[in-house]
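Here the structure is laid out as structure tokens; the discussion comes afterwards.
Every number here is computed from the coordinates shown, using simple stated rules; none is lab data. If you're wondering where the values come from, they're calculated on a predicted model, not measured in any experiment. As a convention, Cβ positions derive from the backbone with ideal geometry for all residues, glycine included, and neighbour counts pool all protein chains shown.
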Amino acid sequence: MIYGIGIDMIEVTRIEKQVSTGPRFVERIFTPREVDYCERKKNKAQNYAARFAAKEAFLKAVGTGWRKGIAFKEIEVINDELGKPEIMLYGKAKKFAEERKIVNIQVSLTHLKETASAIVTLET
């Protein structure tokens, strides 16, 4: 059964500016695995932006926004061996999902030169 659906879109230049100002933004928002993935890509800002959008879409899907104290780094976007994106949860985000019996998280990412988007579906 569908628990929630979230979607987000962001301008790549907005994330690119944040990433270029130094490591503080990246360290606060992204996990080491996400950073490693994005830094290996030619268009790293697009990949950072897509992951940022996925984190925002997840929060929209759970329906709480930031009210439950979930941190960006507790929502990790990784890729499986075939390149399919997946969301891993940690800390308060994981506890929140477990309490609501969320058993499946689907995520889809897309990015172009100027925009990145993500959609997240949560299932119980």
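Just how far, in whole angstrom, is the range 86-112 from the range 1-71 if you go by their alpha carbon centroids?
13
Lysines near Lys60 by alpha-carbon distance under 28 Å, same-chain residues fewer than 8 away left out - which ones?
Straight-line reach from Lys60, under 28 Å: Lys17, Lys41, Lys44, Lys68, Lys73, Lys84, Lys92, Lys94, Lys95, Lys101, Lys113.
Hey, what did the chain get for relative contact order, percent, Cα under 8 Å, at least 6 apart?
About 39 percent, as a whole number.
Per DSSP H run of at least 4 residues, take -39500 (n - 2.57); add these up for the chain, divide by its residues and hand me the 222 nm value, nearest 500 deg cm²/dmol.
-12500 deg cm²/dmol
From the Cα trace of the chain, what convex hull volume per residue do you get, rounded to a whole Å³?
It comes to 99 Å³ per residue, whole-number rounded.
With each label point set 7 Å from Cα along the Cα-Cβ vector, what nm distance links Glu16 and Lys101?
Simple spin-label model gives 4.6 nm for this pair.
Just to confirm the filter: which trypsin sites (Lys or Arg not before Pro) across the range 33-110 are DSSP coil and have at most 14 other Cβ within 10 angstrom of their Cβ?
Loop-located and lightly packed - Arg40, Lys41, Lys42, Arg67, Lys68, Arg100, Lys101.
Considering only DSSP states other than H, G, I, E and B, which GluC sites (Glu not before Pro) in the range 1-99 qualify as loop sites with at most 15 other Cβ atoms within 10 Å?
Numbers: sites: Glu11, Glu16, Glu27, Glu34, Glu39, Glu56, Glu74, Glu76, Glu81, Glu86, Glu98, Glu99; in loops: Glu81.
Listed in order of number, the matching sites are Glu81.
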